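Accompanying notes for the structure given below.
The values are calculated or read from the model by the stated rules, or taken from the named source; none is laboratory data. Note that this is a predicted model, so its numbers are computed, not measured. Every residue, glycine among them, receives a Cβ derived from its backbone with ideal geometry; neighbour counts consider all protein chains shown.
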Amino acid sequence: MTLAPETTGLKVQLRLAGDDWFTVCDLHVLLPGRGVAALLPDGRQVALFRDRKDRLYAIDNRDPFTGAAVLSRGLTGTHQGRPFVASPLLKQRFDLLSGQCLDDETVRVTAYEVRTA
């Protein structure tokens, strides 16, 4: 039997420091291929993504090139098998696993470990 994500009650959690996990939202809120912004306890924003294979990713929402909190609104894709999001402003691509900018190796954003519980 397969359960729809809306009926599972699964929560999306991020590892913030050490073994501390922070519950961000219900899994069904994340639509495959789209990003969602969430506020962390310290006031920073995180961009959450769910791909079409139900893998979850989280990186800082702040675009380091413009300072705008917009990465959650970027377009997702893959480059050499690695998932990325392209900033909606200047189009720089950020690896969703590591946070590394694919267009400028000197720039990166924080990437977070994500789980469902």
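Report the residue count in the range 71-98 for those that are touching a strand residue (DSSP E or B) at 6+ places or on another chain (Cβ under 8 Å), in a loop (DSSP other than H, G, I, E, B) and without any contact (Cβ under 8 Å) to a residue 24 or more places away in the chain. Please lay out each step first, then the result.
Let us first name the residues in the range 71-98 that are touching a strand residue (DSSP E or B) at 6+ places or on another chain (Cβ under 8 Å), namely 71-79, 82-88, 92-98.
Applying the additional criterion that residues be in a loop (DSSP other than H, G, I, E, B) yields 74, 87-88, 92, 96-98.
If we keep only those that are without any contact (Cβ under 8 Å) to a residue 24 or more places away in the chain too, we end up with 88, 98.
Number of matching residues: 2.
Given the structure, is P83 at pLDDT 95 or above and of a type outside the set (A, V, I, L, M, F, W, C)? Let's see the steps before the verdict.
Numbers: at pLDDT 95 or above: yes; of a type outside the set (A, V, I, L, M, F, W, C): yes.
Yes; evaluated as a whole, the condition is true for this residue.
Tally up the residues in the range 69-92 that are of a type in the set (A, V, I, L, M), surrounded by fewer than 18 Cβ atoms within 10 Å (Cβ to Cβ) and in contact with a Pro (Cβ under 9 Å, 6 or more places away or on another chain), please. I'd like the intermediate steps shown before the answer.
Let us first name the residues in the range 69-92 that are of a type in the set (A, V, I, L, M), namely 69-71, 75, 85-86, 89-90.
Next cut, surrounded by fewer than 18 Cβ atoms within 10 Å (Cβ to Cβ) only: 69, 75, 89-90.
Subset that is in contact with a Pro (Cβ under 9 Å, 6 or more places away or on another chain): 75.
Number of matching residues: 1.
I'm trying to understand the selection: among the residues of the range 61-104, which are touching a helix residue (DSSP H, G or I) at 6+ places or on another chain (Cβ under 8 Å) and over 21 Å from H28 (Cα atoms)?
Kept after step one, since they are touching a helix residue (DSSP H, G or I) at 6+ places or on another chain (Cβ under 8 Å), are these residues of the range 61-104: 61-63, 85, 87-88, 94.
Hits for the range 61-104 are R62, D63, S87, P88, F94.
Mind checking which pairs have a first residue in the range 39-61 that is outside any strand (DSSP E or B) and a second that is among the polar types (S, T, N, Q), Cβ under 6 Å, 6 or more apart or different chains?
Qualifying pairs under 6 Å: N61/Q45; N61/S72.
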